[in-house]
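Structure first, then comments.
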Ligand code: UGA
């Protein structure tokens, strides 16, 4: 099938590349000529394991890049909209890029076309697009579907290629059949719904996962008060298949471009509908509090951070990505700096993105350099290479063997045995 994807951000590029990998003929369109030029050369603007090789394999065979929407739409049967919906000051999603893309597609739709809205948008946005289409001279050619995306950064390609479910919201039989054909090359179940339900599934899923993390973090804080152990508590809870053990890791909380933005937008849209979303606002409050509590633990350990040198491992909001958006490092490092500490940092892939936003930190070229001579080591992102580091060597490089673990990666008993003063989240200090 000939498919056009508008927007070459995370979702657009992964969608286009993976659909091309599955055998569809896909043209990815972006208005930024520099982006398209570098994609044509096989350069991927984001760090995403597996994406580059798929793009290289499909490029020029089933995958094409263009700045011209007109030529990409020409023979397309389906046009995906995968443009940004950045948060506005009040937390609402900015829908202007989605509406602009829908209008441009409608202007060019001189043949039957299913327009698929993939960006995360508040429920009923699809209805707004349908109104826009109804008033358009090409309206009889256009039908709309909502197809939210559930991929995670760092595992986006395998998430897209092996989905748990595919959600399609549409009121059009033609769109339903066409979308069935698009996804017939996948083995996951397809859930067909109306448009607002599909749109809501995305917010409902992200907010629930964020809530799960915040619940674990709330329990972690309580564990600290009563001397219980969060690892045992979530193991005991998560072993109940009705609860499940995923997304229950306590620590410094969630970041990224999705959970913070989507929970905040969900608060705003449910308020607009007359609800009182305390459950969601408390999810946000707990998440903010965890970062603060962690930073305060470092401060209160030293009493005065002035003149201390702190080594920080991990800057990205999670492993396997260079993304720093809403990362805990962006709150914790400026706090340490504001308290007079010198902060040496290292991340395996996020250094270039971090340099402009954490300009007062000292950027090191590897773990050993970041650790050397420090009064304490702070772990903010659980990259595999940090999980596997040689603790004996780390201890010998530190000025004092003090370790603050924001991701609860290590076992307190083992760290104590290795001679560290080890401070983490929600665990008994042994
Ligand atoms: C999230 C969702 O998991 C995807 O399903 C969704 O498609 C995506 O948002 C989106 O809306 O586009 P992502 O933001 O890439 O994906 O990252 P996650 O792996 O979900 O992690 C989010 C944050 O939660 C990270 O900062 C991670 O460190 C944190 N986290 C995760 C915890 O603190 N504890 C956990 O147990 C799990």
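The values are calculated or read from the model by the stated rules, or taken from the named source; none is laboratory data. Please read all numbers here as calculations on a predicted model, not as lab measurements. When we count neighbours, we look across all protein chains shown, and the Cβ atoms used for this are built from the backbone with ideal geometry, even at glycine.
Residue-wise test of (1) farther than 25 Å from residue 326 by Cβ; (2) in contact (Cβ under 8 Å) with a residue 24 or more places away in the chain.
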position	(1), (2)
217	no, yes
228	yes, yes
234	no, no
237	yes, no
245	no, no
252	no, yes
261	no, yes
265	no, yes
270	no, no
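Scanning the stretch 124-137 for residues that are under 31 Å from the mean Cα position of the chain (by Cα) and not in a helix (DSSP H, G or I) turns up just one, 124.
Does residue 82 meet the test of being under 21 Å from the mean Cα position of the chain (by Cα), at pLDDT below 95, under 20 Å from residue 152 (Cβ atoms) and within 16 Å of the ligand (Cβ to nearest atom)? For residue 82, the condition - under 21 Å from the mean Cα position of the chain (by Cα), at pLDDT below 95, under 20 Å from residue 152 (Cβ atoms) and within 16 Å of the ligand (Cβ to nearest atom) - is not met.
One line per residue, one yes/no per condition, for (1) under 26 Å from residue 390 (Cβ atoms); (2) in contact with a helix residue (DSSP H, G or I) (Cβ under 9 Å, 6 or more places away or on another chain); (3) within 16 Å of the ligand (Cβ to nearest atom):
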position	(1), (2), (3)
308	yes, yes, no
312	yes, yes, yes
316	yes, yes, yes
339	no, yes, no
364	yes, yes, no
375	yes, yes, no
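Do we have any residue at all in the stretch 305-321 that's out of contact with any strand residue (DSSP E or B) (no Cβ under 9 Å at 6 or more places or on another chain), surrounded by fewer than 16 Cβ atoms within 10 Å (Cβ to Cβ) and not in a loop (DSSP other than H, G, I, E, B)? There is no residue in the stretch 305-321 that is out of contact with any strand residue (DSSP E or B) (no Cβ under 9 Å at 6 or more places or on another chain), surrounded by fewer than 16 Cβ atoms within 10 Å (Cβ to Cβ) and not in a loop (DSSP other than H, G, I, E, B).
The selection criterion, being within 13 Å of the ligand (Cβ to nearest atom) and either surrounded by fewer than 17 Cβ atoms within 10 Å (Cβ to Cβ) or more than 23 Å from residue 149 (Cα to Cα) (or both), holds for residue 215.
State whether one or more residues within the stretch 32-44 are away from the ligand (no atom under 16 Å from the Cβ), within 28 Å of residue 188 (Cα to Cα) and within 26 Å of the chain's Cα centre (by Cα).
yes
Residues satisfying the criterion are absent from the stretch 224-244 (criterion: surrounded by 18 or more Cβ atoms within 10 Å (Cβ to Cβ) and part of a loop (DSSP other than H, G, I, E, B)). Identify all residues within the stretch 203-212 that are crowded, with 22+ Cβ neighbours inside 10 Å and near the ligand (Cβ under 7 Å from one of its atoms); write none if there are none. Residue satisfying the conditions is 206 alone. Which of the residues belonging to the stretch 375-388 are in contact (Cβ under 8 Å) with a residue 24 or more places away in the chain, assigned to a loop (DSSP other than H, G, I, E, B) and surrounded by fewer than 22 Cβ atoms within 10 Å (Cβ to Cβ)? Within the stretch 375-388, 375, 382 qualify.
Pairs meeting the criteria (first residue in the stretch 310-335 and in contact (Cβ under 8 Å) with a residue 60 or more places away in the chain and over 20 Å from residue 298 (Cα atoms), second residue within 11 Å of the ligand (Cβ to nearest atom) and outside any loop (DSSP other than H, G, I, E, B), beta carbons under 7 Å, at least 6 apart or on different chains) are 326/260. Taken over the stretch 390-410, the residue count meeting the criterion of being free of Cβ contacts under 8 Å to residues at least 40 places away in the same chain and assigned to a loop (DSSP other than H, G, I, E, B) is 5.
Let's see how each residue does on (1) under 19 Å from residue 154 (Cβ atoms); (2) surrounded by 16 or more Cβ atoms within 10 Å (Cβ to Cβ); (3) at pLDDT 95 or above; (4) within 21 Å of the chain's Cα centre (by Cα):
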| site | (1), (2), (3), (4) |
| --- | --- |
| 334 | no, yes, yes, no |
| 342 | no, yes, yes, no |
| 352 | yes, no, yes, yes |
| 357 | no, no, yes, yes |
| 366 | no, no, yes, no |
| 373 | no, no, yes, no |
| 392 | no, no, yes, no |
| 407 | yes, yes, yes, yes |
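When the stretch 138-170 is examined, which residues are found to be touching a helix residue (DSSP H, G or I) at 6+ places or on another chain (Cβ under 8 Å), part of a loop (DSSP other than H, G, I, E, B) and in contact (Cβ under 8 Å) with a residue 24 or more places away in the chain? Once the filter is applied, which keeps residues that are touching a helix residue (DSSP H, G or I) at 6+ places or on another chain (Cβ under 8 Å), part of a loop (DSSP other than H, G, I, E, B) and in contact (Cβ under 8 Å) with a residue 24 or more places away in the chain, the stretch 138-170 yields 138, 147, 148, 149, 150, 151, 153, 170. Here the stretch 171-203 is the region considered, the condition is being in a helix (DSSP H, G or I) and without any contact (Cβ under 8 Å) to a residue 24 or more places away in the chain, and the residue that is farthest from residue 128 (Cα to Cα) is 184. Could you list, in sequence order, all residues of the stretch 246-279 that are within 15 Å of the ligand (Cβ to nearest atom), in contact with a helix residue (DSSP H, G or I) (Cβ under 8 Å, 6 or more places away or on another chain) and either modelled with pLDDT under 95 or part of a helix (DSSP H, G or I) (or both)? Across the stretch 246-279, the qualifying residues are 257, 258, 259, 260, 262, 263, 264, 265, 266. The set of residues from the stretch 135-153 being more than 15 Å from residue 10 (Cα to Cα) and within 16 Å of the ligand (Cβ to nearest atom) comprises 146, 147.
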